[in-house]
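Worksheet for the structure shown next.
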Amino acid sequence: MKRWAGVFASLLCWPLTVVATDEALTEVMRMLAGVRSLEVGFREEKTLAMLQQPLIATGRLYYQAPAYWRKQTVQPQPEDYVADGDWLTVETSDGGRRDFNLNGYPQLRPLVEAIRATQAGDRAALERYYRLDFQGAPAEWTLRLTPLDSTAAHYVAAIVMHGRNERILSVETLEPDGDRSLMTLELH
């Protein structure tokens, strides 16, 4: 009987935990939405099964509300990714410049929105493309994004972000084949 009382008590608390988690996610999204612009350095470490050593890249991230996001890689070689509204521009030293209308590339939009919509605090946009699993409180949080679309899931198993209040501290991208990248953002 005692065992069943414990199970019953935990079932009664479950909705309260879900509500508290949802309220914390709502608060984090509100805090992120309050950031109108951002410029921060990053270090990205990509671990690939076919390489013995991880690839390290460094550069700067830029964000301007509501829909401008730029990842400018400086080392080991220059690359520039700019998402502005419905457009993604990719510029590399060996591939030149390419422009993509995200409306015509449904496999790209979820990848762009993972970071851009999170930084914008746009929960509705995130929920269009991902199942959201939030843990923690505004002072220390983790948000796991799992693609809803099978095409996106072919490229990304999950994106896991860690943060504090209105700051994203790291973005980990997990691929279905086991490859991963971890981008850490500098704190000011």
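Read-outs: derived from the displayed coordinates by stated rules, not from any lab. All values reported here derive from a predicted model rather than from experimental measurement. Here the Cβ is made from the backbone with ideal geometry for all residues, glycine too, and neighbour counts use every protein chain on show.
Can you tell me which residue in segment 118-143 is nearest to V40 (Cα to Cα), limited to those that are of a type in the set (A, V, I, L, M, F, W, C) and either assigned to a helix (DSSP H, G or I) or free of Cβ contacts under 8 Å to residues at least 40 places away in the same chain (or both)?
By that ranking, first place goes to A120.
For segment 35-84, which residues satisfy the criterion of being more than 17 Å from L182 (Cα to Cα), of a type in the set (S, T, N, Q) and touching a strand residue (DSSP E or B) at 6+ places or on another chain (Cβ under 7 Å)?
If the condition is that a residue be more than 17 Å from L182 (Cα to Cα), of a type in the set (S, T, N, Q) and touching a strand residue (DSSP E or B) at 6+ places or on another chain (Cβ under 7 Å), then S37, Q64 are the ones that fit.
Yes or no, residue by residue, for (1) of a type outside the set (S, T, N, Q); (2) in contact (Cβ under 8 Å) with a residue 60 or more places away in the chain; (3) touching a Lys or Arg at 6+ places or on another chain (Cβ under 9 Å):
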site: Q72; (1), (2), (3): no, no, yes
site: D86; (1), (2), (3): yes, no, yes
site: V90; (1), (2), (3): yes, no, yes
site: D94; (1), (2), (3): yes, no, no
site: G104; (1), (2), (3): yes, no, no
site: V112; (1), (2), (3): yes, no, no
site: R116; (1), (2), (3): yes, no, no
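Would you pick out the residues in segment 86-111 that are part of a loop (DSSP other than H, G, I, E, B), more than 22 Å from T151 (Cβ to Cβ) and not hydroxyl-bearing (S, T, Y)?
The answer is D94, G95.
If I filter segment 144-157 for residues that are among the basic types (K, R) and assigned to a strand (DSSP E or B), do I get at least one hit?
Looking for residues that are among the basic types (K, R) and assigned to a strand (DSSP E or B), one finds at least one in segment 144-157, hence yes.
The rows are residues; the columns are (1) buried (at least 16 other Cβ atoms within 10 Å of the Cβ); (2) more than 25 Å from A125 (Cβ to Cβ).
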site	(1), (2)
R60	no, no
P66	no, no
W69	yes, no
P76	no, yes
Y81	yes, no
G85	no, no
T92	no, yes
G95	no, yes
G104	no, no
